[in-house]
Structures are given as structure tokens and as C-alpha cells.
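The values are calculated or read from the model by the stated rules, or taken from the named source; none is laboratory data. Just so we're clear, the structure is a prediction, and the values are computed from it rather than from any experiment. For neighbour counting, all protein chains shown are included, and Cβ atoms are generated from backbone atoms with ideal geometry for every residue, glycine included. To get the accessible areas, we keep the full protein, side chains included, count just its heavy atoms, and leave off ligands, DNA and RNA. Shrake-Rupley method; radii C 1.70, N 1.55, O 1.52, S 1.80 Å.
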Amino acid sequence: MNRSPALMTAPSPNSDPFAIDWGEPDDVPPACKVVLINPYELGRQSFNLAAPAALLKAAGFDVACLDLSLQKLDPAVLHGATLIALHLGMHTATRIAIAALPKIRELAPQAQLAMYGLYAPMNAALLHELGIDSLIGGEYEPELVALAERLRNGEHPSHNHVSVPLAKVEFITPDRSDLPRLTRYAHLILPDGGKKVVGFTETTRGCKHLCRHCPVVPVYQGKFRPVQMDVVLADIEQQVVAGAEHISFGDPDFFNGPTHALRILDAMYQSFPNLSFDATIKIQHLLDHADLLPTLRDTGCLFITSAVEAVDDAILEHLDKHHTRADFERALRLCREHGIFLAPTFVPFTPWTTLDGYLDLLRELLRLKLVQAMPPVQLAIRLLVPQGSYLLNLAGFAERLQPFDQTLLGYPWQHADPRVDALQQQIMTTAMQQEDAPRGAAFKAIWQLAHDAAGLPAPTLEHADFGETIARLSEPWYCCAEPTDQQLQSF
């Protein structure tokens, strides 16, 4: 990005961080500058900043990127921006973006503000109320470029515009040059304590499944779109050059297009045989494509994240997950047989959760020796019901909900048994306090809390087998969790 020396002047350590030297009066900023902001993306270097940055630069725009998980709202970066676009890829990111809006307006009052990503159209009414005119979901890149071009031509964007394009995007190699270096992001922690630098890319967007609680579903409605193979491979290569030793594939489901995925893995392995990777794959897909697990292992797969969500078949039916408790156990066994770790994720607290059901989940994790595979926060997640959620189509579900809460960005609900809500709050507090503690110790604390809530004596875990330590990313937070105070203060 071309900036004048005056704009690159950094404040001294003892000065006001916002007291920037803007240069001489005739130091005119670029005619059309676009700033892309990523509030939060699971501690990874964002494909969703790098991909649109490349297309905007190719269209002749001066582009700057800010990642609020690692950077502050720098006045020097925001100065002179014609368009500022924030990526809302998940609930946590949306909450942070909304909290950051006053500071963004203060630092760049002249800029047009837009938001893009899954949560932009889902929260259209609120975001329009907050003064955001342009909201783009789905395959957003072409419309983001078109918006910047209209502003460059002196046109005014449509008032309260919402767009959800799903046409295939012709990507070019993502431009990561303006993002913090990979070593500052989440890293891979190996079972022996070793670490690897992690790169992040996507091979597909959307999902062909319709799980009722999933935020992808209201936007893509059962569709998915591939990222061209040559673009994915070029993106992987540039991250390897930048130091990546492991690639985390960010697709909602890596096996939405298994042929596409395998072609990419084969080419990646041929070029970088020592590169490991992880991916997210649905339990149903692991069973349907069990014959592909050896290929995943042989091309470097260390672990698979799978949204198991529950071990209660009735709850799984409510969520329309298309798998059962038995299916989960079978998929776990298949992964272990082929030397791949399975990292299940859960939404333990729902309106249908009971104290007995929660204890059953804990016992199941013990029986399957999965305690070491579970970040403590995963045992505290509470079901979020955002605007447009397919859960609202479930008979009788809407009656359980309170009116939409603009602060929470969802429909609040209270459990019929207040002990369940109280337990969730206790476990979330414990999970946050013991985030850096050994997972076994955190599980013991949660085990005791759950038994206390049910009025039952807690069986001893003195000789319990918590299972094998698995490879994992150092960022333990998940997209469906509430943001922490620290994240909300990041900007």
C-alpha cells in the first residue's frame, strides 16, 4: 500500500497514541482508499480480509487491512478512507464490530461504512439502525468491489442495501501482505508440546446441509461454492513461504466437495510433503466417506474438528444434525483406527438439556477418553438463536424465546429448570478461569459442579483415564461463544 512518510509516522511511546502527525496541509490522502477490518476469526490470519484485498487492489484501490485480534484501530490506517468494510464472519466478530463502531466513526467520520460476511444480512435491521447502509452476505467480493467503484465515481450507495449474492467468485491469489505475520496468530500445539506456525485458507464456502442452529444455513440455504484449486494452492504456497508449517482449512465442511478437497490435498502433498493440516468435517461425511480417511492421514491430516453438538439423540434430532450418538462413536473409532485425532465440539446447553443429560455427556466423554480433546469452554457453550435461524421453523420453539435482544444479537431463552442456567454460568466462569490449566483439572472442576447442581455425590476421578493428548490449535474460543471483555476492548 502506498502511504506518504507522514502517514507512516508512529507516535512516541510516551505520547498520546492518537496524536498522529498528519503531515503538511497539501499532503492529500489517496483518492479512494478502502480499509478492511476483521474483528475476530478464531485466532487465524483471515482469508476473508486477504481475498477481497487482492481483488480491490487489482481494481486499482489503495487497500489497508486491520485485524482487531492483534491490532488497534490505528488512526494512520483509517485516515483518508473512502470505504471501511468490516467482516462479520461469526457472532463474536459481530459483537466486537458493533462495539468498535463509535471509535471507527470518530477516527474516520468521512468514510462510508459497510459490513460483509454471514452475520451482515442476518442482522440487517439492527445494523441499518446503527447507520450501516451496505450489508453483503454470501459470495461478497464482487459486490464489495462494485461498492468501492461507485464511491470512487462519486455515487452514493443505496440506502439500507442488503445483498446476498451466491454466484461463483473468480478469485485471485489472496493478498496477505498487509496482515500481521503468521507467527503472531494461533499456533499448533503438538501432543509432545512442540509447536508449529499455522496458515489458514478456505477451499469452499457455504454448506449443503441445513443444520437448524448453524449460522451458515440462513445465508447459503443448502448451497456451497468452491474456491478455485489454483487459488487455494497459491495461497498455501505463499503462507508456507511466510513460515507456515501447518494449514488449517476453514471450510464449514471440508467434505462438501470431497473430490475438490482431495485434488487440493494431493497437489499440496506433492509440493509440501512435510506440511500437516486440519479440517472440519461433519460426522455424517466421515461415515459416508470413511474410505477417504487413509488419504487424509497420508497427506498430513493431524486432526478433524466435527460439530457433534450433543450425545442426546432427541437433541440431535431437534438440531437436524443427521447423525446419532452411535454415529458419533463410530466416526471416532474410524478416525482412531486411521491415526487421526477427532476433536468434537458441543453445544451442551440448550432448552432441551437436563441436568441428567449434562452428566450423561460428561460420562460419555470419560468413557470415550475424550477429555484431553476438549477445551473446557466447549463444556460451557450455550445455544445461540440469531436472526433467521432455522430453529425458528421448529414447531413450538419460538414460544420458548424472548424478544430479540440487540445487545446479545439473538433471541434470549431461559431454561425451564433454573438450575441448568445457573450451572451453565458456573461452568463458563470455571472454563475461563482454567483456560490455561491442564484439561483434566478443568474437567474435574466441571464434574464436581455438575454433580453438585444435580444434588448427587461426584464419583472420584482419581484414576480416570482422560485419554490421549491430541494436536490442537492454541486458540480455544469458538464462533458460537460470547465475546470476552478482553476481546471487546481489543480495538
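Structure notes:
- Heavy-atom accessible area per residue - the chain, 1.4 Å, Å²: 41
- Segment 253-389: C-alpha pair distances exceeding 27 Å, %: 25
- Cross-link reach is defined here as a Cα-Cα straight distance under 19 Å, omitting same-chain residues fewer than 8 places apart; for residue 168 the aspartates and glutamates meeting it are 139, 141, 143, 202, 230, 235, 251, 253.
- The chain: angle of helix 258-271 to the longest principal axis, Cα-based, in degrees nearest 10: 70
- Residue 436 - accessible surface, heavy atoms, 1.4 Å probe, Å² rounded to 10: 150
- Using Cβ point charges alone (K and R +1, D and E -1), the dipole size of the chain about the Cα centre works out to roughly 360 debye.
- Simple label model, 7 Å out from Cα along Cβ direction - residue 464 to residue 429, nm: 2.1
- Against the main long axis of the alpha-carbon atoms of the chain, helix 355-367 sits at an angle near 90°.
- Of all accessible heavy-atom area on the chain, the percent that carbon and sulfur account for (1.4 Å): 51
- Summing +1 for each Lys or Arg and -1 for each Asp or Glu among the other residues whose beta-carbon sits under 15 angstrom from that of residue 87 gives -4.
- Restraint check, 103/196; 195/369; 72/321; 57/208; 195/223; 196/369, Cα-Cα greater than 29 Å: 103/196; 72/321; 57/208; 195/223
- Stokes-Einstein diffusion for the chain, with the hydrodynamic radius set to the Kirkwood value over Cα pairs and evaluated at 4 °C in a medium of 1.567 mPa s, equals 55 µm²/s.
- Each residue of segment 190-195 was assigned a 3J(HN,Hα) from its phi angle through the Karplus curve 6.51 cos²θ - 1.76 cosθ + 1.60 (θ = phi - 60°); the sequence is 7, x, 8, x, x, 10 Hz, with glycine and proline shown as x.
- Crossing angle, helix 47-58 versus the chain [Cα axis fit, 0-90 degrees, rounded to tens]: 20
- Within segment 81-194, the proportion of Cα pairs with more than 17 Å between them is 62 percent.
- A Cβ-based charge dipole, computed about the Cα centre of segment 349-405 with Lys and Arg at +1 and Asp and Glu at -1, lands at about 220 debye.
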